[in-house]
Every structure is written in C-alpha cells, then in structure tokens.
Amino acid sequence: MSKPTTNAGPFFPRDRNWHPPALSPNYKTSVLRSPQKALLSLGNTISETTGPVFGHNMLGELDHDLVQNYAKPGESAQGERIIVHGHVLDEEAKPVPNALVEVWQANAGGRYRHKKDDYLAPLDPNFGGCGRVITDENGYYAFRTVRPGPYPWPNGVNDWRPSHIHFSLFGSGFAQRLITQMYFEGDPHIPLCPIVRTINDPAAIEMLVAKLDMNHCVPMDARAYRFDIVLRGRRSTMFENRMEGN
Amino acid sequence: MTKLEYLKESPSQTAGPYVHIGCTPNFIGNTGIFKEDLGARMMNEQTKGQRITIKGRVFDGTGTPLKDAMLEIWQADSEGLFNSPSEMRGEADPNFTGWGRQPVNLDSGEFCFETVKPGAVPFPDGRPQAPHINFWIVARGINLGLNTRMYFPEEEEANAADPVLGRVEHRVRVSTLIAKQSGDTYTFDIYIQGDNETVFFDI
Ligand SMILES: [Fe+2]
C-alpha cells in the first residue's frame, strides 16, 4: 500500500458556483448549518493530495447486490429490479480506477432501514438499502438494486424527495471526497425538490440524472440505468513542489 | 485549433440524515451486510507512535450539537508519512491506515477517534507544517462537505511557524483550529456558525 505508484499533483480548484451554495434557504436545514464566514483558500498540500486505498479484497460477495445482500436465503428485495452502472472519471475524462463507491437508499416504498426514519411505508424484511463497489481499472462500476420510492420529508408542508440513491465517492486523494445523489430520468419530482434545487445550474442537475439504458437491461429480469460520475482532476507534478533555484 | 475540453465535477448533494445506512451500517444496527464499518479502526497493537483520543461535537448556529453528522479524518503517521500510494518520501507505518470515519453519537452528538499523533509534513515549498489532522464533515443540511484541520496546542512553536495557520488573516480565529488537551485526550469542537465559527478551508 505504501509503494510510490502514482505521481499525484494538486487537484483542480473546485468550482463552488457549480456546487450548491452552503446557504440555501429553501432547504431549511442548511440555514443553521452553513458557514457564514469566507472559506480560507488553501490549495493542496500533501495532506490533501494523498488518500487511502481500498482494495477489492475487502469487498464481500454480495456487497454490490442490494437485491440479495440483506435477503433471507431464497428470497429477494421487493420492487423494480434495476442495475445501476457507469464510469467514474476525472475532469480530464480519465477513468478513476479503485474508487470506492458506497450507496444507500430507501426501499421500493420510500422507507429507510434506519432507526430515525418513521415514515409509514413498511420496511422490506429483505432489503437493507446499502451496498458498495470499487471501480475497476477502467473506472467502471455496477450494482444491482431495486428502484427506491419517493418519500415525504419535513421541509415545506408537502415536500417529496424524488426517487434517489445516495452516492459516496472516494477517489485517490482526500480533497477529492464527494457525496452526491443520483436521480432517475423522467421523475417529475426532480424539478420540485428543494434539495435538488440547492444546485443553481440546470446543467449541473442534469449530471445527477441517470438515464434508462436499454442496452444494459437484462431481458426478463432487470432494467439498467447509466450514471457516470466525475471527480476532481489533478495537475501534473512536473512544475510543482520545487523551490525556485533548487 | 486547441480547445479546452474539461468535464465538470459532479455536483455535491447533502449526505442527508441516513448517511449511516451506507457508510456505517453496523453503527445503527444494520448488521450482516458488511463485516465492520470502514474507517472504524485506524490502528492495531503494532502501530507506532503516541496513542491519542480525539473527541468533540459539531455545533449549528444556535449552539446545538448535530446528531446526524459523520466525520472523516486523514493524517500522517507518527513519522509524518502518509499511508498512500502517492506518498513518495518513504514507507509509512503499515500498521496505521491514516484514515478514520466516525458518525457522531445519535443522542449526544459526540464523535471519538482513536489514533496516533501525526508527525510534521512538508508544505509544498519545503517548510514544515505543524502536526495536524484533516477533517471532513458531512450531515443533513450540509450541501458540500466541510474541510477543516485540527492542530495540537502543545506544538506552540510549530503552530506559530505553520504556513497554513499563517494564512488566517483574523488571528483571533486561529484558536478555532487548535484542540484542547487533557493528557492523551484532545477535544476538538467544530462550530459551523457564530462568533466561534471554525475556519473551514477551500482545498
Ligand atoms: Fe434520501
């Protein structure tokens, strides 16, 4: 794990107008949870450019299969069976291999397996709602699950989340860390959702909308959705980390 | 004709209140899927260095601790080396991961990391950085993870010369990045808003 294998320069600066602003008053919880002072621009030191590596050997056999990984033997999760797959790329469109992709979601009825979720839709005894994969050498990942249901949440009096899957991504450096959400093409709740609408640019929102991918459906079994993810790119170290005259 | 063709980074969305389901399922009793929660253990008996405990809470603008936050830390080993493939300066302690992940307690809001005190690491221009630990904080209501650093109060001299702390224009805010020490236990409270707002970084 400690062999010097990658020559990793600083990450491209984050476009903070592209990401949602910390304070988004229509998403009420952000009001008291948003820094009010300016961020201190740091660029990257070695503390930011480095990061841990997650090996494929840490994965269990069913980590990528949410239909099965909480189900009793011979049973499976209820709902629309889907495959979610895509590439993890950086801003230069280079694949990000060995990225850790962790996902979590509500069940087909919109209920989370979490002690703090008391939505009246029932739990599915065969669905845990959690999975993880590591991208292969081409940055590709895939997992199988059921399509999560929309659910109401206390923000406005009648706010509903679109069907969505939460994604956590760990690329090659700590400054590349990202959590986001995947939505489903054609869901009428997407433009109504105050959390989606924390993002200002429609083109940015579009990046989070997975597309029905008929080519990767498994006939008579599961439909497929394609969801590519882009992590921060990084500079070459060729001109970095040298004092003038050294 | 040269064209600059870059992709945009996928935009962030909040981790929401149920981040545990995916990141620390065993912590909320969703057992049987993953053997153990990733990042829960950073060391073993062979790990070199001074064992320390880091505790703290994350406070909102009213001074109420967040009950649904998750924190990750990343740090050098006791010699100042990172257990990372991009560490070119030497071989880090193989018994120390350098990476930790902890949710806050669902009732008290307290987080706790068991780790070792990191050594100093260089700034890009070669000057030493004082020993520090990088923090990343996500929660419901946080649209993009917050980055900050924890420094050590007993490292007065190194902190005074630290090039990152040196960039904090309003010197009264430097103290928000320095933990409080009691033996081998450090308390690092994080204030998202208010008079004591922690310095957060755009890295
Ligand atoms: Fe959700």
Within the stretch A:168-206, which residues are open to solvent by 30 Å² or more (accessible area, probe 1.4 Å) and within 13 Å of the ligand (Cβ to nearest atom)? A:His189
Name the residue that is least open to solvent (accessible area, probe 1.4 Å), counting only residues in the stretch B:173-203 that are within 12 Å of chain A (Cβ to nearest Cβ) and part of a helix (DSSP H, G or I). B:Leu177
What about B:Ser78, is it part of a loop (DSSP other than H, G, I, E, B) and touching a helix residue (DSSP H, G or I) at 6+ places or on another chain (Cβ under 7 Å)? no
Out of (1) farther than 26 Å from A:Pro25 by Cβ; (2) at the interface with chain B (Cβ under 10 Å from one of its Cβ atoms); (3) at pLDDT 95 or above, the odd one out for A:Glu185 is which? (2)
Within the stretch A:155-167, track down each residue that is without any contact (Cβ under 8 Å) to a residue 60 or more places away in the chain and either closer than 12 Å to A:Val88 by Cβ or within 13 Å of the ligand (Cβ to nearest atom) (or both). A:Asp159, A:Trp160, A:Arg161, A:Pro162, A:Ser163, A:His164
Residues of the stretch B:7-54 being at the interface with chain A (Cβ under 9 Å from one of its Cβ atoms), touching a strand residue (DSSP E or B) at 6+ places or on another chain (Cβ under 6 Å) and among the β-branched types (Val, Ile, Thr), in sequence order, are B:Val19, B:Ile21, B:Ile33
Sole exception among (1) under 30 Å from A:Asn200 (Cα atoms); (2) facing chain B (nearest Cβ under 7 Å) for A:Thr50, by number: (1)
So, in the stretch B:34-46, exactly how many residues are out of contact with any Lys or Arg (no Cβ under 9 Å at 6 or more places or on another chain) and crowded, with 16+ Cβ neighbours inside 10 Å? 1
Tally up the residues in the stretch B:14-27 that are open to solvent by 10 Å² or more (accessible area, probe 1.4 Å) and in a helix (DSSP H, G or I), please. 2
Considering only residues that are away from the ligand (no atom under 16 Å from the Cβ), buried (at least 20 other Cβ atoms within 10 Å of the Cβ) and part of a loop (DSSP other than H, G, I, E, B), which ones fall in the stretch A:90-113? A:Val96, A:Ala99
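The values are calculated or read from the model by the stated rules, or taken from the named source; none is laboratory data. Only a predicted model underlies this, so the values are computations on that prediction, with no experimental measurement involved. Neighbour counts run over all protein chains shown; Cβ positions are idealised from the backbone, glycine included. Ligands, DNA and RNA are excluded from the accessible area calculation, which covers all protein heavy atoms including side chains. Shrake-Rupley method; radii C 1.70, N 1.55, O 1.52, S 1.80 Å.
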